[in-house]
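Student: Structure in structure tokens, see below.
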Amino acid sequence: MDIQVVKVNNDEKEILQNLLELYCYEWSQYNKLDVNQFGSYEFAVLDCWTEKNHYPFFIKVDGKLAGFVLIDKDFAVRKDCDFAMSEFFVMHKYRTAGVGKYAAETIFDMLHGKWEIMCHPKNIISIYFWNKIIDEYTNGKFELIKSCQEVVYQEGTFADFFFFET
Ligand SMILES: CC(C)(COP(=O)(O)OP(=O)(O)OC[C@H]1O[C@@H](n2cnc3c(N)ncnc32)[C@H](O)[C@@H]1OP(=O)(O)O)[C@@H](O)C(=O)NCCC(=O)NCCS
């Protein structure tokens, strides 16, 4: 399996927009968002992914689109961090095969600094995933803050946060 993490180019915004719809649908089981009258989640901030301080990547497996990663500097809790994992998505077909692990480690190798990763506590797989990846990558040197009272999801759940340095 050939896994690649490649930067999204400006002329690939539409591709990212399509994948974001799938991601939003997946997330709707936790944040309870509805689609609009046209059947779209309308991920509103797409244009900002091509701006400074935003790092969008596709994950490709054997040349095929298998997911994406969006990183920015919009910190929810610790403003002295360097990177926030905004969105991280591996499509169903490619899950539980090490694709997410490879992509996350590749990105941590590329972007060095202090990280903030926010998770929905009901998205239990994401908690397992980040716990495992971050624990291995940092040799256990990370903080996990559960049910952080400062940040609440749309439907009322307090967010979990991982903090660590790469
Ligand atoms: C979370 C997600 C990115 C994991 O991607 P993935 O490619 O399937 O993960 P990997 O195969 O690299 O798994 C790495 C580790 O994560 C954990 N993990 C991943 N999927 C898991 C599952 N279904 N059940 C339990 N643990 C799981 C395991 O510890 C695994 O290590 P192991 O294979 O040695 O047991 C993927 O499920 C996804 O995109 N989910 C929807 C979007 C999402 O929730 N993103 C995270 C937002 S914070």
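The values are calculated or read from the model by the stated rules, or taken from the named source; none is laboratory data. Quick caveat, the model's predicted, so the values are computed rather than measured. As a convention, Cβ positions derive from the backbone with ideal geometry for all residues, glycine included, and neighbour counts pool all protein chains shown. Only protein heavy atoms, including side chains, enter the accessible area calculation; ligands, DNA and RNA are left aside. Shrake-Rupley method; radii C 1.70, N 1.55, O 1.52, S 1.80 Å.
Student: Quick check on residue 64: is it over 24 Å from residue 161 (Cα atoms), within 16 Å of the ligand (Cβ to nearest atom) and open to solvent by 60 Å² or more (accessible area, probe 1.4 Å)?
Tutor: yes
Student: Consider the stretch 83-98. How many of its residues are more than 6 Å from the ligand (Cβ to nearest atom) and within 15 Å of residue 134 (Cβ to Cβ)?
Tutor: 3
Student: Looking at (1) within 15 Å of the chain's Cα centre (by Cα); (2) open to solvent by 60 Å² or more (accessible area, probe 1.4 Å); (3) acidic (Asp, Glu), find the lone condition where residue 42 falls short.
Tutor: Against the list (1) within 15 Å of the chain's Cα centre (by Cα); (2) open to solvent by 60 Å² or more (accessible area, probe 1.4 Å); (3) acidic (Asp, Glu), residue 42 comes up short only on (1).
Student: Picking from 18, 9, 36, which residue would you name as being within 16 Å of the ligand (Cβ to nearest atom), over 19 Å from residue 133 (Cα atoms) and not small (Gly, Ala, Ser)?
Tutor: 18
Student: Then there's this: Counting only residues that are among the aliphatic types (A, V, I, L, M) and in a strand (DSSP E or B), which one in the stretch 121-153 is least open to solvent (accessible area, probe 1.4 Å)?
Tutor: If we take residues in the stretch 121-153 being among the aliphatic types (A, V, I, L, M) and in a strand (DSSP E or B), then 151 is least open to solvent (accessible area, probe 1.4 Å).
Student: If we scan the stretch 14-25, do we find a residue that is open to solvent by less than 30 Å² (accessible area, probe 1.4 Å), within 26 Å of residue 155 (Cα to Cα), modelled with pLDDT under 90 and not hydrophobic (A, V, I, L, M, F, W, C)?
Tutor: No, the conditions are met nowhere in the stretch 14-25.
Student: So, in the stretch 99-120, of the ones that are open to solvent by less than 40 Å² (accessible area, probe 1.4 Å) and either touching an Asp or Glu at 6+ places or on another chain (Cβ under 6 Å) or free of Cβ contacts under 8 Å to residues at least 12 places away in the same chain (or both), which residue ends up farthest from the ligand (Cβ to nearest atom)?
Tutor: 113
Student: Please go through the stretch 3-45 and pick out each residue that is in contact with an Asp or Glu (Cβ under 8 Å, 6 or more places away or on another chain) and closer than 20 Å to residue 94 by Cα.
Tutor: Correct list: 20, 23.
Student: Let me ask you something else. Does residue 156 qualify as being in a loop (DSSP other than H, G, I, E, B), out of contact with any Pro (no Cβ under 9 Å at 6 or more places or on another chain) and within 26 Å of residue 29 (Cβ to Cβ)?
Tutor: yes
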